Amino acid sequence: MTDRQALIIGITGGIGSGKTAATDAFAALGITVVDADLVAREVVKPGQPALAAIAANFGQQILLPDGNLDRKALRETIFREPAAKQWLEDLLHPLIRQEILSRLQHSNSPYTLLSSPLLLETDQQTLCQRVLVIDAPESLQLARTMARDNSTVETTRAIMASQLDRQQRLARADDVIVNDGDLLALHDAVEKMHQTYLDLSKRTAPYE
Ligand code: ATP
């Protein structure tokens, strides 16, 4: 790392908007992507202190026979008990934030992406100088998610309803990529945004 202030771009979007397709394209251009979802899963892997704390709090039945976290059992427990949900969030959020910070600090690409479906719903956005929203019409979000996950309209709509709506998300964006064309169009849009961020990254040096 240098003493240059690192440029961190938060990237978010609703389910099926194309965040992963977009971050894959940025990664192919050599940009480090820190994935908040991945970090959230890694902090509760077997051997991690957080998993031991969860098992001590909820009992061994919260673990699968292979030692992994039984996510379904945990979801059901916190659905029944709001206090348990709070306890879990108090345990995991600082760990997730710390791990995200460490990965951002170790990045040495010209700028770094923090990808998170909950960027705008959590304090993760405070780690970023700019927010890039991947935007798609809701009909496309639905169609793409259902094709990818083999899920029903009802399940997909329920997830969409639990997220920020499109207008709220767009209102908080510094930059937007509208992903309503084919993948080639998305890659073109990513390359243009990449150039903008490269230019910006040269200007974020504190003493230039
Ligand atoms: P989630 O929040 O559920 O993780 P996401 O925002 O990461 O979703 P992706 O997984 O990138 O969304 O995209 C959803 C599906 O739509 C994937 O199968 C992806 O390959 C496909 N897809 C994304 N963008 C396009 C596009 N422009 N043209 C065709 N297919 C696309």
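The values are calculated or read from the model by the stated rules, or taken from the named source; none is laboratory data. Since this is a predicted model, take the numbers as computed values, not measurements. Don't worry about glycine lacking a Cβ; one is built from the backbone with ideal geometry, like all the others, and counts go over all protein chains shown. Just the protein is used for accessible areas: all its heavy atoms, side chains included, with ligands, DNA and RNA removed. Shrake-Rupley method; radii C 1.70, N 1.55, O 1.52, S 1.80 Å.
Can you confirm whether region 130-143 contains a residue that is closer than 15 Å to A25 by Cβ, assigned to a helix (DSSP H, G or I) and either among the charged types (D, E, K, R) or open to solvent by 40 Å² or more (accessible area, probe 1.4 Å) (or both)?
no
Considering each residue of region 12-50, count those that are of a type in the set (D, E, K, R), outside any helix (DSSP H, G or I) and within 11 Å of the ligand (Cβ to nearest atom), and give that number. Quick ask: steps written out before the conclusion?
Initially, region 12-50 is screened for residues of a type in the set (D, E, K, R), giving 19, 24, 35, 37, 41-42, 45.
With outside any helix (DSSP H, G or I) added as a condition, the list becomes 35, 45.
Then keep just the ones that are within 11 Å of the ligand (Cβ to nearest atom); that gives 35.
Qualifying residue count, region 12-50: 1.
Six or more apart or on different chains, Cβ under 7 Å: which pairs go from a residue in region 176-203 that's in a helix (DSSP H, G or I) to one that's among the aromatic types (F, W, Y)? Could you list them?
Correct list of pairs: V190/F26; H194/F26; Y197/Y111; S201/Y111.
Which residues, counting only those in region 13-69, are touching a Ser or Thr at 6+ places or on another chain (Cβ under 7 Å) and among the basic types (K, R)?
K19
Just checking, does region 94-109 include any residue being touching a residue at least 60 places away in the same chain (Cβ under 8 Å), more than 16 Å from the ligand (Cβ to nearest atom), closer than 30 Å to L140 by Cβ and of a type in the set (A, V, I, L, M, F, W, C)?
Yes, there is a match, as at least one residue in region 94-109 is touching a residue at least 60 places away in the same chain (Cβ under 8 Å), more than 16 Å from the ligand (Cβ to nearest atom), closer than 30 Å to L140 by Cβ and of a type in the set (A, V, I, L, M, F, W, C).
Go through region 84-106 and give me each residue that's open to solvent by 80 Å² or more (accessible area, probe 1.4 Å) and more than 26 Å from L7 (Cα to Cα). Full working, then the answer.
Keep residues of region 84-106 that are open to solvent by 80 Å² or more (accessible area, probe 1.4 Å), which gives 85-87, 90, 93, 98, 105-106.
Those that are open to solvent by 80 Å² or more (accessible area, probe 1.4 Å) and more than 26 Å from L7 (Cα to Cα): K85, Q86, W87, D90.
Considering only residues that are over 18 Å from L183 (Cα atoms), in a helix (DSSP H, G or I) and among the hydroxyl-bearing types (S, T, Y), which ones fall in region 144-158?
Within region 144-158, T155, T156 meet the criteria.
Just one of (1) modelled with pLDDT of 95 or more; (2) touching a helix residue (DSSP H, G or I) at 6+ places or on another chain (Cβ under 7 Å); (3) farther than 20 Å from L113 by Cα trips up L184, so point out which.
With (1) modelled with pLDDT of 95 or more; (2) touching a helix residue (DSSP H, G or I) at 6+ places or on another chain (Cβ under 7 Å); (3) farther than 20 Å from L113 by Cα applied to L184, the lone miss is (2).
Would you confirm, using the coordinates I've provided, whether Q195 is open to solvent by 80 Å² or more (accessible area, probe 1.4 Å) and more than 15 Å from the ligand (Cβ to nearest atom)? Please lay out each step first, then the result.
Values: open to solvent by 80 Å² or more (accessible area, probe 1.4 Å): yes; more than 15 Å from the ligand (Cβ to nearest atom): yes.
Judged against the criteria, Q195 is a match.
Considering R103, R80, R130, which residue is over 16 Å from the mean Cα position of the chain (by Cα) and basic (K, R)?
Exactly one of R103, R80, R130 is over 16 Å from the mean Cα position of the chain (by Cα) and basic (K, R), namely R80.
Does region 144-179 hold any residues that are surrounded by fewer than 13 Cβ atoms within 10 Å (Cβ to Cβ) and within 8 Å of the ligand (Cβ to nearest atom), and which are they?
A147, R148
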